[in-house]
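Colleague: Let me begin by handing over the structure; questions about it come next.
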Amino acid sequence: MLQASEAAEWRGKLMKSGGDPQMTAISRDIRGFRLFAGLINRDAQVAMVAALRGVVASAPLYQPVTPGGRQMSVRMTAAGRLGWVTDRRGYRYEPLHPSGVAWPAIPEEVMAVWRSVSGTERGPDCCLVNFYGADARMGLHQDRDEGDFSFPVVSISLGDEALFRMGGVEKAEGTESVWLKSGDVVVMGGAARLAFHGIDRVRHGSSTLLPQGGRINLTLRVVEGI
Ligand code: MD3
Ligand code: FE
C-alpha cells in the first residue's frame, strides 16, 4: 500500500519546487480539472522521453482511423495491460497493439506521476501515448470508452506547447482554453471526467525537449473497475 509519505517522496523527485506535499503554489483548478503546472522537472522529462523511446521501439506509433474512415492527425501507441485503439470497427480497448504484440509495461517514471497525483491506490490499465507533429490536433470529444468513470484520468504533456480546450459535460456548454507546456500534469476527476475537451493546435518548436520538435501527451486511465 502506498503511504502518504511515499507519495510526497515521489513528488519531491518530480517537482520543480522541491517537494511541498500540498503543491498549493503550482496547482490550480479550472472548471473542475486540476492543472499542476511544471510538476515534472526537466531531468525527469528527459528520463521519461528515454523510457518512451523504449515503448515505441516495441509498440510503434501509428496513425489510427476513426470508425467513420478519417485518418487522425495524431499518431498513437500505448503501454499497460490495455491500449485504446480505433479503426473501421470502432473505438475500444485492446490487449494487443495492431501489429499483434502485447503493449509494453507503463514506464516506472510515468507510474510515479500517477501515484503522486491520482489520489487512488488503483493502478492505471492504460497509458495512451499521443504524438502531435506540427499540424496535429484533436477535436472536441469525451473519453467514455472506459468501463468505470469513478477514477480520474491523468494527463502528462511533454515537448511543444499545446492549446488545450476544456468544455462541460454537455457539448453546448462554453469552453475555456489553456496552453499546456512540457512537464505539466492535468488531473480530470469527478464531474470533469466526462467533460468535453480537445487540442486546437501545437506551437511547433516551442520546446527543446524533443530534438525534432513535436508534442507527446500521455493519458493514464483505469479502464475497468476492480
Ligand atoms: C478531460 N488527449 O487522449 S489530454 C485523449 O493532449 C486526449 O492529447 C489530449 O484528450 C491530448 O483522449 C488531452 C487532457 C485530457 C485527457 C483526458 C481527459 C483531458 C480530459 C478525460 C476526461 C476529461
Ligand atoms: Fe480525451
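Nothing in this text is a laboratory measurement; each read-out follows from the coordinates by a stated rule. Since we're looking at a predicted model, the values are computed, not measured. Positions of Cβ are backbone-derived with ideal geometry, glycine not excepted, and every protein chain shown enters the neighbour counts.
Colleague: Modelled label-to-label distance, D148 and S206, 7 Å Cα→beta-carbon offset: nm?
Modeller: Here the answer is 3.5 nm between the modelled labels.
Colleague: Sticking with this structure for a sec: Could you compute the FRET efficiency for S58 and A191, with r as their C-beta to C-beta distance and R0 at 35 Å, rounded to 0.05?
Modeller: 0.45
Colleague: How large is the helix-only mean residue ellipticity at 222 nm for the chain, computed as the sum of -39500 (n - 2.57) over DSSP H runs with n ≥ 4, divided by its residue count, in deg cm²/dmol to the nearest 500? Working shown, then result.
Modeller: On the way: 3 runs with 38 residues, N = 226.
The helix contribution divided over the chain gives -5500 deg cm²/dmol.
Colleague: Over the chain, what lengths in whole Å, largest first, do the semi-axes of the equivalent ellipsoid take, defined as the square roots of 5 times the eigenvalues of the alpha-carbon gyration tensor?
Modeller: Values: eigenvalues 117, 79, 74 Å².
Semi-axes from the Cα gyration tensor: 24, 20, 19 Å.
Colleague: List the residue ranges in the chain for DSSP H helices whose C-alpha atoms run 18 angstrom or more along the long axis and whose Kyte-Doolittle average is -0.5 or above.
Modeller: TM-like helix candidates: 42-58.
Colleague: With both partners inside the chain, how many of the DSSP beta bridges are antiparallel, as a percent to the nearest 5? Mind dumping the intermediate values first?
Modeller: Numbers: 51 of 51 bridges.
Approximately 100 percent, going by the DSSP bridge assignments.
Colleague: About its Cα centre, what dipole magnitude does the chain give when the only charges are +1 on Lys and Arg Cβ and -1 on Asp and Glu Cβ, stated in debye to the nearest 20?
Modeller: With only Lys, Arg, Asp and Glu charged at Cβ, the dipole is about 460 debye.
Colleague: How much of the pair distance distribution for region 40-138 lies past 25 Å, counting alpha-carbon pairs only, in percent?
Modeller: 21
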